[in-house]
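Chemist: Attaching a single structure in structure tokens format; questions to follow.
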Amino acid sequence: MAEARGDTRNRILDVALELFNDQGYDATSLREIAERLGVTKAALYYHFKSKADILLELHLRLHDLGDDLLAELDQLPDDQVVAAWPGLVDRFIDAVTENRDLFLVHQRNQRAFEQVINDERHQQANQDIEERFRRVLANDVIPLADRVRMACSIGAVMVGLMGADEIFGDEAAQVVGLVRSTVHELL
């Protein structure tokens, strides 16, 4: 039964993601999400207290993308971090590309996301990711030049890929390869 509950919960999130991207968060109602799923609004409330809770869960999916890579980074000895970084960044590029809709919903609904940033779960998840990332970048065992390149590589991925469809239009598919090669040149 728990698996079915998780499947329904994920289906709600997937449908909400699609509608929030297509219509915007403010213009999407819980009724529309329920209708698209073929369930009642009461069924949605069983899984989420509000539309803002759905938005928070979508945002936390973004956190999960970085969390997996940071967990691997946490396990590496200091002397292997620099060598492993390009592979980790490649996997981050893949994760961003595969989950582009999550980044788009964030970009297109920034005002709505202001509602969830003060949520305790978001603050804890955000703080954890930031602390882990800062711990790596502040590790003075790793040469400063490498740490700066590592930090810049993440910035290059985020700026280069977030909204690539809207910025680069039909050439967005080429952008992933260009971001990847640019990041590798940087590193």
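Chemist: Which ones in region 107-120 are in a helix (DSSP H, G or I) and within 13 Å of Ile54 (Cα to Cα)?
Modeler: Our first condition is that a residue be in a helix (DSSP H, G or I); within region 107-120, this holds for 107-108, 110-113, 120.
Matches in region 107-120: Ala112, Phe113.
Chemist: Which condition does Ile142 not pass, out of (1) without any contact (Cβ under 8 Å) to a residue 12 or more places away in the chain; (2) surrounded by 11 or more Cβ atoms within 10 Å (Cβ to Cβ); (3) outside any helix (DSSP H, G or I); (4) not polar (S, T, N, Q), if it passes all the others?
Modeler: (1)
Chemist: Do we have any residue at all in region 72-88 that's farther than 22 Å from Asp26 by Cβ, among the small types (Gly, Ala, Ser) and in contact with a helix residue (DSSP H, G or I) (Cβ under 7 Å, 6 or more places away or on another chain)? Steps first, please.
Modeler: In the first step, residues of region 72-88 are kept if they are farther than 22 Å from Asp26 by Cβ; the result is 72-88.
Remaining after also requiring among the small types (Gly, Ala, Ser): 83-84, 87.
Filter once more, so that each one left must be in contact with a helix residue (DSSP H, G or I) (Cβ under 7 Å, 6 or more places away or on another chain): none.
No, region 72-88 has no match at all.
Chemist: Residue check: is Asp165 of a type outside the set (Phe, Trp, Tyr) and modelled with pLDDT of 90 or more? Don't jump to the end; show me each part of the working.
Modeler: Values: of a type outside the set (Phe, Trp, Tyr): yes; modelled with pLDDT of 90 or more: no.
Answer is no for this residue.
Chemist: Here is a list of conditions, (1) closer than 30 Å to Pro143 by Cα; (2) surrounded by fewer than 18 Cβ atoms within 10 Å (Cβ to Cβ); (3) modelled with pLDDT of 90 or more, and Lys49 meets all of them except one; can you say which number that is?
Modeler: (1)
Chemist: Tell me, please, whether a residue that is surrounded by fewer than 17 Cβ atoms within 10 Å (Cβ to Cβ), charged (D, E, K, R) and over 14 Å from the mean Cα position of the chain (by Cα) can be found in region 91-104. Give the steps one after another, and end with the answer.
Modeler: Looking only at region 91-104, we keep the residues that are surrounded by fewer than 17 Cβ atoms within 10 Å (Cβ to Cβ), and these are 91, 94, 98-99, 101.
Then keep just the ones that are charged (D, E, K, R); that gives 91, 94, 98, 101.
Applying the additional criterion that residues be over 14 Å from the mean Cα position of the chain (by Cα) yields none.
No, that holds for no residue.
Chemist: Quick check on region 97-112. Is at least one of its residues of a type in the set (Val, Ile, Thr) and closer than 25 Å to Leu17 by Cα? Don't jump to the end; show me each part of the working.
Modeler: First, the residues of region 97-112 that are of a type in the set (Val, Ile, Thr): 97, 105.
Narrowing the set further to residues that are closer than 25 Å to Leu17 by Cα leaves 97, 105.
So far as region 97-112 goes, yes, one or more of its residues are of a type in the set (Val, Ile, Thr) and closer than 25 Å to Leu17 by Cα.
Chemist: Only one residue in Arg134, Arg180 is assigned to a helix (DSSP H, G or I), charged (D, E, K, R) and surrounded by fewer than 14 Cβ atoms within 10 Å (Cβ to Cβ). Which one?
Modeler: On the way: Arg180 fails: surrounded by fewer than 14 Cβ atoms within 10 Å (Cβ to Cβ).
Matching residue, one of Arg134, Arg180: Arg134.
Chemist: Then there's this: Test Ala71 against the criterion of being at pLDDT below 95 and either closer than 24 Å to Glu185 by Cβ or aliphatic (A, V, I, L, M) (or both), and give yes or no.
Modeler: Details: at pLDDT below 95: yes; either closer than 24 Å to Glu185 by Cβ or aliphatic (A, V, I, L, M) (or both): yes.
Judged against the criteria, Ala71 is a match.
Chemist: Continuing with the same structure: State yes or no: is Ser29 over 15 Å from the mean Cα position of the chain (by Cα), hydroxyl-bearing (Ser, Thr, Tyr) and surrounded by fewer than 13 Cβ atoms within 10 Å (Cβ to Cβ)?
Modeler: Details: over 15 Å from the mean Cα position of the chain (by Cα): yes; hydroxyl-bearing (Ser, Thr, Tyr): yes; surrounded by fewer than 13 Cβ atoms within 10 Å (Cβ to Cβ): no.
The answer is no for Ser29.
The values are calculated or read from the model by the stated rules, or taken from the named source; none is laboratory data. These figures come from a predicted structure and were not determined experimentally. We place every Cβ from the backbone using ideal geometry, glycine too, and count neighbours over all the protein chains shown.
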